[in-house]
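K.L.:
The structure that follows is given in the form of structure tokens.
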Amino acid sequence: MEKTIVKIEKLSHRYSTNWAIRDINIEIGHTGIVGLLGSNGAGKSTTMNILCGALNQTEGNVYINGIDMKLQPELAKKEIGFLPQNPPLYMDLTVDEYLWYCAGLRHIPKDLKKAAINEVKERCGIAHFSSRLLRNLSGGYRQRVGIAQAIVHRPRLVVLDEPTNGLDPNQIIEVRALIKEIAMDRAVIFSSHILSEIQILCKEIRMIENGRIVFSDTMDAFNNYAAPHSMLIHFSNPPSATELQQVEGVTKAEFLTERQVRVFFSGDQDIAERIVTISVEKGWRLKEINLDKSALDEIFKQLSNQTAKQ
Ligand SMILES: Nc1ncnc2c1ncn2[C@@H]1O[C@H](COP(=O)(O)OP(=O)(O)OP(=O)(O)O)[C@@H](O)[C@H]1O
């Protein structure tokens, strides 16, 4: 069996004269959720549409379980379930009618259709809405139907383009739980422009900016990279910058006002505890301490600059 379910090689796509994605390389294993993070217009949908055979690339190759999407698109597509950004839901059909239609499109044999549909309805928690028109379902339930159509033929890979967009907080939690459940026995690619969504769900992350992959690693590695490396501290009886720099892990101390100082550090974040303890011992009278947030925009910018220089 192939070690990877998805292999994308040097993928580039141009809409008329503008390159939407350039030289994208991605490999994905057989189970778990991989997050595709990118700001609006970064190239997520273009990549996903090509990956699922809905758009023909200008350059490069896509292999699904070793099958070349360009040479054997029908065979490759059998392995994929796709929920595009705008799900193809027919509002005048009931849940059952719609899933029958989708099962037909996926060439599920007639005698297996009923069982396959019942199974996905159970799995996606929509069995009690079998006879309801799609137009009368809430956004969260419509999204569940969208996910059900994506897994009805038991694909090894499910691609979900911004599936939690436009849902309310409760619906988001429910759809996330469903995605986690379906990723137990298959690979899921999940795209979002919201970092926290990807952090909650994914074990791996591919970050795309201006059409290029700028970060590709585990979620832990990303969190480490994006972790704050500075904090803002307010003392009533401040020490000198030199005294602060003597605290283990502190690399620099910059006073913003007489009593407010930005402290830069490397390594673990227990440094805040160390400063609190030392401050009590030395009578610095610490009033406030806050870790600086790493702004996602800043991380995107840094990573894009690094990639541009390579
Ligand atoms: N059909 C099209 N014709 C021309 N340009 C397009 C087309 N579709 C996308 N683009 C452009 O390609 C670039 C990548 O768009 P894409 O939709 O892939 O990004 P995205 O990361 O999915 O963004 P969003 O989250 O906003 O959908 C953008 O500059 C976009 O304007």
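The values are calculated or read from the model by the stated rules, or taken from the named source; none is laboratory data. Note that the structure is a prediction, hence the values are computed from the model and not measured. Because the Cβ atoms are built from the backbone with ideal geometry, glycine has one as well, and the counts that use them run over all protein chains shown.
K.L.:
If you check P155, P228, P163, which single one turns out to be in a loop (DSSP other than H, G, I, E, B) and under 30 Å from V263 (Cα atoms)? If you could, list the steps in order and put the result at the bottom.
P.N.:
Details: P155 fails: under 30 Å from V263 (Cα atoms); P163 fails: under 30 Å from V263 (Cα atoms).
Among P155, P228, P163, only P228 is in a loop (DSSP other than H, G, I, E, B) and under 30 Å from V263 (Cα atoms).
K.L.:
Are any residues in the range 105-155 in contact with a helix residue (DSSP H, G or I) (Cβ under 7 Å, 6 or more places away or on another chain) and free of Cβ contacts under 8 Å to residues at least 24 places away in the same chain, and if so, which ones?
P.N.:
Once the filter is applied, which keeps residues that are in contact with a helix residue (DSSP H, G or I) (Cβ under 7 Å, 6 or more places away or on another chain) and free of Cβ contacts under 8 Å to residues at least 24 places away in the same chain, the range 105-155 yields K113, A127, Y141.
K.L.:
Test each condition in (1) modelled with pLDDT under 95; (2) closer than 27 Å to N40 by Cβ; (3) of a type outside the set (G, A, S) for P109 and report the one that comes out false.
P.N.:
It fails just one condition, (2).
K.L.:
Could you say which residue among N56, N25 is in contact with a helix residue (DSSP H, G or I) (Cβ under 9 Å, 6 or more places away or on another chain), surrounded by fewer than 21 Cβ atoms within 10 Å (Cβ to Cβ) and on the phi < 0 side of the Ramachandran plot?
P.N.:
The match here is N56.
K.L.:
While we're on this one: Give me the residue from the range 173-197 that is over 13 Å from I147 (Cα atoms) and surrounded by fewer than 20 Cβ atoms within 10 Å (Cβ to Cβ) and, out of that set, nearest to the ligand (Cβ to nearest atom).
P.N.:
Here the answer is H193.
K.L.:
Continuing with the same structure: Any idea which of (1) in contact with a helix residue (DSSP H, G or I) (Cβ under 8 Å, 6 or more places away or on another chain); (2) in contact (Cβ under 8 Å) with a residue 60 or more places away in the chain; (3) hydrophobic (A, V, I, L, M, F, W, C) is the one M48 doesn't satisfy?
P.N.:
Against the list (1) in contact with a helix residue (DSSP H, G or I) (Cβ under 8 Å, 6 or more places away or on another chain); (2) in contact (Cβ under 8 Å) with a residue 60 or more places away in the chain; (3) hydrophobic (A, V, I, L, M, F, W, C), M48 comes up short only on (1).
K.L.:
Here's a follow-up. Starting from residues that are among the small types (G, A, S) and buried (at least 22 other Cβ atoms within 10 Å of the Cβ), keep the ones in the range 148-172 and report whichever is nearest to the chain's Cα centre (by Cα).
P.N.:
Ranking the qualifying residues of the range 148-172, first place goes to A150.
K.L.:
List the number of the failed condition for D111; all other conditions in (1) of a type in the set (D, E, K, R); (2) within 30 Å of I299 (Cα to Cα); (3) in a helix (DSSP H, G or I) hold.
P.N.:
(2)
K.L.:
Still on this structure, I have one more. Pairs needed: first member in the range 218-230, over 17 Å from I271 (Cβ atoms); second member anywhere, modelled with pLDDT of 85 or more and part of a loop (DSSP other than H, G, I, E, B); C-beta distance under 8 Å; at least 6 residues apart or different chains.
P.N.:
Every condition considered, the pairs that remain are T218/K203; M219/C202; M219/K203.
K.L.:
Would you mention how many residues in the range 186-223 are in contact with a His (Cβ under 9 Å, 6 or more places away or on another chain) and more than 19 Å from P84 (Cα to Cα)?
P.N.:
Going residue by residue through the range 186-223, those that are in contact with a His (Cβ under 9 Å, 6 or more places away or on another chain) are 186-187, 211.
If we keep only those that are more than 19 Å from P84 (Cα to Cα) too, we end up with none.
Going through the range 186-223 one residue at a time, the tally reaches 0.
K.L.:
When you scan the range 104-116, do you find a residue that is out of contact with any Ser or Thr (no Cβ under 7 Å at 6 or more places or on another chain) and under 22 Å from A177 (Cα atoms), even just one?
P.N.:
Within the range 104-116 (the criterion being out of contact with any Ser or Thr (no Cβ under 7 Å at 6 or more places or on another chain) and under 22 Å from A177 (Cα atoms)), the answer is yes, since at least one residue qualifies.
K.L.:
Determine whether the range 198-210 contains at least one residue that is within 16 Å of the ligand (Cβ to nearest atom), polar (S, T, N, Q), closer than 30 Å to Y141 by Cβ and touching a helix residue (DSSP H, G or I) at 6+ places or on another chain (Cβ under 7 Å). I'd like the intermediate steps shown before the answer.
P.N.:
So the first thing to find is which residues in the range 198-210 are within 16 Å of the ligand (Cβ to nearest atom), and the list is 198, 205-210.
Still in the list and also polar (S, T, N, Q): 210.
With the extra rule that they be closer than 30 Å to Y141 by Cβ, the set shrinks to none.
The answer is no, given that none of the residues of the range 198-210 is within 16 Å of the ligand (Cβ to nearest atom), polar (S, T, N, Q), closer than 30 Å to Y141 by Cβ and touching a helix residue (DSSP H, G or I) at 6+ places or on another chain (Cβ under 7 Å).
K.L.:
Of all residues in the range 3-59, how many are part of a loop (DSSP other than H, G, I, E, B), near the ligand (Cβ under 8 Å from one of its atoms) and of a type outside the set (G, A, S)?
P.N.:
Total meeting the criteria: 1.
K.L.:
What residue, of D92, D68, is among the acidic types (D, E), touching a residue at least 40 places away in the same chain (Cβ under 8 Å), more than 22 Å from S191 (Cβ to Cβ) and surrounded by fewer than 15 Cβ atoms within 10 Å (Cβ to Cβ)?
P.N.:
Exactly one of D92, D68 is among the acidic types (D, E), touching a residue at least 40 places away in the same chain (Cβ under 8 Å), more than 22 Å from S191 (Cβ to Cβ) and surrounded by fewer than 15 Cβ atoms within 10 Å (Cβ to Cβ), namely D92.
K.L.:
Does any residue of the range 77-85 turn out to be loosely packed, with under 14 Cβ neighbours inside 10 Å and of a type outside the set (V, I, T)?
P.N.:
No, the range 77-85 contains no residue that is loosely packed, with under 14 Cβ neighbours inside 10 Å and of a type outside the set (V, I, T).
K.L.:
If you don't mind, there's one more thing I want to ask. Which count do you get for residues in the range 249-274 that are surrounded by 12 or more Cβ atoms within 10 Å (Cβ to Cβ), of a type in the set (D, E, K, R) and out of contact with any Ser or Thr (no Cβ under 8 Å at 6 or more places or on another chain)?
P.N.:
Residues meeting the conditions: 3.
K.L.:
Only residues that are closer than 14 Å to R262 by Cα and in a loop (DSSP other than H, G, I, E, B): list them for the range 234-246, please.
P.N.:
Passing the criteria: P238, P239, S240.
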